[in-house]
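The values are calculated or read from the model by the stated rules, or taken from the named source; none is laboratory data. Computed from a prediction, not measured in an experiment: that's the story for all the values here. Using ideal geometry, Cβ is built from the backbone for each residue, glycine included, and neighbour counts are taken over all protein chains shown. Heavy atoms of the whole protein, side chains included, go into the accessibility calculation; ligands, DNA and RNA do not. Shrake-Rupley method; radii C 1.70, N 1.55, O 1.52, S 1.80 Å.
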Amino acid sequence: MKVPVSWLREYIKEPFDSDDVARRLTMAGTEVAGIERIGSSWEGVSVGLVLEVKPHPNADRLRLVTVDAGSSRNEVVCGAPNVAAGQKIAYARIGACLIDGHTGQTAVLKPAKIRGVVSEGMVCSEKELGLSDDHEGILVLPESAPLGMPLSDYMGETVFDLEVTPNRPDMLSILGVACETAALLGVSPVIPEPEFCGGGEAIERLVDVSIEAPDLCLRYSASLVRGIVIKESPDWLKNRLVNAGMRPINNVVDVTNYVMLEYGQPLHAFDFNNVEEHRIVVRRAEEGCPFITLDGVERKLSSDMLMICDGKGPVAIAGVMGGENSEVTPETTEVLLESASFLPASVHFTGSRLGLTSAASQRFERGLSPHLALKALKRATSLIVELAGGTPAKGVIDEKPGLKPLISVPVRLSRVNHLLGASYTREEIVSTLELLGCEITPGSSQDDIFVKPPYWRSDINLEQDVIEEVARIRGYDTIPLNMLDKAIPNQTPNPMLGLKRQMRQTLIGLGFNELQSWAMTSTAMLKKALNQPELSISPLQLKKPMTVEQECLRTSLRPALVSSLASNRRFEEGAIRLFELGAVYLPREGDLPDEPQMLGGIITSSCIKQHWNMQPEKVDFFTLKGIVEALLGSVGVKAEYLPSADGGLKPGVQAAILIDGNRLGVLGELHPDVCRAVEIEESAFLFELNITTLLPFTLAEKSYCPVPKYPAVLRDIALVVENSVTHAQIMDILAGYPLVVDSKLFDIYAGKPVPDGYKSMAYRLTFLSEKKTLTDDAVDKVLGQILSRLEKQLGAVLRR
């Protein structure tokens, strides 16, 4: 929101410093993101008077202009076609800093001889002053411009660029900012009450308005002005609009934009002669109905969009944009002026679905007060009569099916100080609220008051809202710093947050980067990522999705993981490791969805080179399995891995992850069909863990294990087993011997001299006793028992 400071000064009569106001607004919650100072570079430019215009002796398109600058008369060579004697213009002396009309760069004006004639300065265009891109002619000032006055004093402006929060629609208006500023300065703003005198026929006889969707249209006000003349707006109005970031169009449209900026209330002007049957109907659109908006684009409407219609069909999209079929043109002589209030959610939905946003929709979406509509209508009507002539019809139409009276909020003064930790008096609190325009009514006791917010504030509804206003206006920096008067309560840690923090830190330590994606995805993307032509779990569909890509709630983290890998691969070479922690949404019949917390990770098959003089590490299924084992080990859990049949993973290169028979997740190589579907041109490995299922297994009490007193004994064995024998089967047998405290598989080999259908699996066993030092004989005895049992149960033979 751009706010010209000179406009604020119309409502705040007391002098103020713009930099001080910018600081106060920012500290009160509305950030002044920037301050533009128009005219700060106009040193050496002043108001001049054109005394004489003569032809250039050596050029047909140039003329010699004699300028009275107040203190001197100078001759300037000028090529502008619109320069004429008697005009007040912007005259730049030699040495002034201007914008070059051809290059757009800033340059210092130097003495120049143009076609044999010395030019003693320049008559400036708007582009040379940085006001616009218009370079076709000079800037002509009003006749009332004081001769010789510095242009920065006459036309200079300071403009605030405000970052308005979603809960403050009033700050999208000059009046709202003026009231806020006045309260911060401790003064009262001067806000005139808008009125107009209708001298024509009663409007009820000329226009019929009906609201068929009262749930979406809270208020609809209208006035009618006949006999107007469409023309260019006066300079003061155009300058105001330009400084506020809007483009002037014509006097009627400019008035609607001006009043929208002034009051924050959007308005729309219809060419009354193009309103069929002189009737306005506020209703829902017909499904699939085409409509051409003011920007010339044809849009398809849906039945849940609110439209403004005449006796024939739609003429405007309510709260968003008008239509071509009723816009104001140079031939317009009668205008029907609309000032309405629409349901914020309806305007937001319509604009989002149509991909259309406007200054009006931005205001309606924030919950604009319906009480603004009639005041803004009266103000705009009086301005149109002033600038376009014509006669307004008698009275206004004001249908208000959803208008609710302003309600007083009960406030306890003791609660104000208790919540803020301050000690404001009753008079300080009451005077602060009155500065904001609130009406204060005493309650049943000295501690109670009733606060009625001003009509332009739709965000003050609760006692806490009122307390926040007191804190903002009094100043957060005035709240004293006090020590706590009570002991800090003991913290009860959230086990899930602790588990997620631990797993996040572990994965980051393993070289992963975390991604955070939307909880919404598309059915098509779920089918691709899960490799399911028909989804086994039907996702919950959003009733009003923003886009097709966000039409349903995710049932898996895989869509974001695979799509993020594919997009990162386009810009990055080498190894990529990504993970995400978040909820998935599993539908339940007749109930809200189940929302288990999931952890998903994905790695590429690209090798990881740890150091320049080291061989790169090979990445495969066992790399991923090692990552998962390390991850679970970091939270004190050991899992088992069994064959799996996940359709999204490559057959034979995947495993289900279980703890005590409970399925925790899955890991494996991404299925080639999935890689092709999402355009991944390499092998990738993915794991998924259900953190909600994992949590109970991480909460077991941990006991201290002392450092061993006696040395360990290491033995390496190589077993020849059938290809069907798994690592898990061998580990189960080894786990049955207490003296074997650790066992690691360090090699798998198939090929000669190992027979066909067999493989060699090499293990390093660690033997340790807590009671004594183990002898070789004792270790050999246990090892013999192990080999005997392996041979008997699995057919394993020691490789010699």
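Numbers below:
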item: Hey, LEU642 open to solvent by 20 Å² or more (accessible area, probe 1.4 Å) and either assigned to a strand (DSSP E or B) or under 17 Å from PRO559 (Cα atoms) (or both) or not; result: yes
item: Cβ-Cβ under 8 Å pairs, at least 6 apart or on other chains, the stretch 114-134 side farther than 21 Å from LEU241 by Cα, far side basic (Lys, Arg); result: SER119/LYS113; GLY121/ARG93
item: Subset of the stretch 98-113 (residues that are in contact (Cβ under 8 Å) with a residue 24 or more places away in the chain, in contact with an Asp or Glu (Cβ under 7 Å, 6 or more places away or on another chain) and open to solvent by 40 Å² or more (accessible area, probe 1.4 Å)); result: ILE99
item: Residues satisfying the stated conditions in the stretch 254-275, i.e. charged (D, E, K, R) and assigned to a helix (DSSP H, G or I); result: ASP254, GLU262
item: Qualifying residue in the stretch 526-534 (condition: under 29 Å from the mean Cα position of the chain (by Cα), assigned by TED's automatic domain parsing to the domain that holds GLU580 and either aliphatic (A, V, I, L, M) or not in a helix (DSSP H, G or I) (or both)); result: yes
item: Tabulated pairs, the stretch 545-556, first under 10 Å from ALA583 (Cα atoms), second assigned to a helix (DSSP H, G or I), C-beta under 6 angstrom, 6+ apart or interchain; result: none
item: Unique match (being touching a helix residue (DSSP H, G or I) at 6+ places or on another chain (Cβ under 9 Å) and open to solvent by 40 Å² or more (accessible area, probe 1.4 Å)) among LEU433, LEU419, LEU413; result: LEU419
item: Counted residues, the stretch 229-255 - those being within 21 Å of LYS394 (Cα to Cα) and open to solvent by 10 Å² or more (accessible area, probe 1.4 Å); result: 1
item: Residues of the stretch 440-490 that turn out to be within 21 Å of ARG24 (Cβ to Cβ), open to solvent by less than 50 Å² (accessible area, probe 1.4 Å) and part of a helix (DSSP H, G or I), as a count; result: 8
item: Residue check for SER414: assigned to a helix (DSSP H, G or I) and within 29 Å of SER233 (Cα to Cα); result: no
item: Pick from the stretch 742-778, criterion within 14 Å of TYR710 (Cα to Cα) and either open to solvent by less than 90 Å² (accessible area, probe 1.4 Å) or small (Gly, Ala, Ser) (or both), ranking: nearest to the chain's Cα centre (by Cα); result: THR766
item: Evaluation of PRO696 against (1) modelled with pLDDT of 90 or more; (2) open to solvent by 70 Å² or more (accessible area, probe 1.4 Å); (3) over 59 Å from the mean Cα position of the chain (by Cα) (one fails), failing number; result: (3)
item: Hits in the stretch 740-794 - residues which are closer than 13 Å to ARG715 by Cα, outside any strand (DSSP E or B) and of a type in the set (Lys, Arg); result: LYS781
item: Listing of strands (runs of 3 or more DSSP E) fully contained in the stretch 91-164 that carry 2 or more residues being within 30 Å of ARG24 (Cα to Cα) and in the same structural domain as ALA33 (by TED's automatic domain parsing); result: 157-163
item: Cβ-Cβ under 6 Å pairs, at least 6 apart or on other chains, the stretch 519-530 side open to solvent by 30 Å² or more (accessible area, probe 1.4 Å), far side assigned to a helix (DSSP H, G or I); result: MET520/GLN550; MET525/PRO559; LYS528/ALA677
item: Single match in ILE138, ILE94 (criterion: among the aliphatic types (A, V, I, L, M), open to solvent by 50 Å² or more (accessible area, probe 1.4 Å) and either in contact with a Lys or Arg (Cβ under 7 Å, 6 or more places away or on another chain) or modelled with pLDDT of 85 or more (or both)); result: ILE94
item: Scope the stretch 652-670; condition touching a residue at least 12 places away in the same chain (Cβ under 8 Å) and either within 16 Å of GLY636 (Cβ to Cβ) or surrounded by fewer than 18 Cβ atoms within 10 Å (Cβ to Cβ) (or both); matching residues; result: VAL653, ILE657, LEU658, ILE659, ASP660, ASN662, ARG663, LEU664
item: Residue match in the stretch 366-381 (condition: surrounded by fewer than 17 Cβ atoms within 10 Å (Cβ to Cβ) and not assigned by TED's automatic domain parsing to the domain that holds ALA28); result: no
item: Hits in the stretch 223-253 (condition: in contact (Cβ under 8 Å) with a residue 40 or more places away in the chain, basic (Lys, Arg) and not in a strand (DSSP E or B)); result: LYS231, ARG240
item: Filter result for the condition that a residue is within 22 Å of ARG37 (Cα to Cα), outside any loop (DSSP other than H, G, I, E, B) and open to solvent by less than 40 Å² (accessible area, probe 1.4 Å), over VAL67, VAL177; result: VAL177
item: Filter result (closer than 14 Å to GLU640 by Cβ and out of contact with any helix residue (DSSP H, G or I) (no Cβ under 9 Å at 6 or more places or on another chain)) within the stretch 712-744; result: THR726, HIS727, ALA728, MET731, ASP732, ALA735
item: Test for TYR220: is it closer than 27 Å to MET307 by Cα, aromatic (Phe, Trp, Tyr) and not in a loop (DSSP other than H, G, I, E, B); result: yes
item: Output for the stretch 671-684, where each listed residue is open to solvent by less than 10 Å² (accessible area, probe 1.4 Å) and in contact with a Gly (Cβ under 7 Å, 6 or more places away or on another chain); result: VAL674
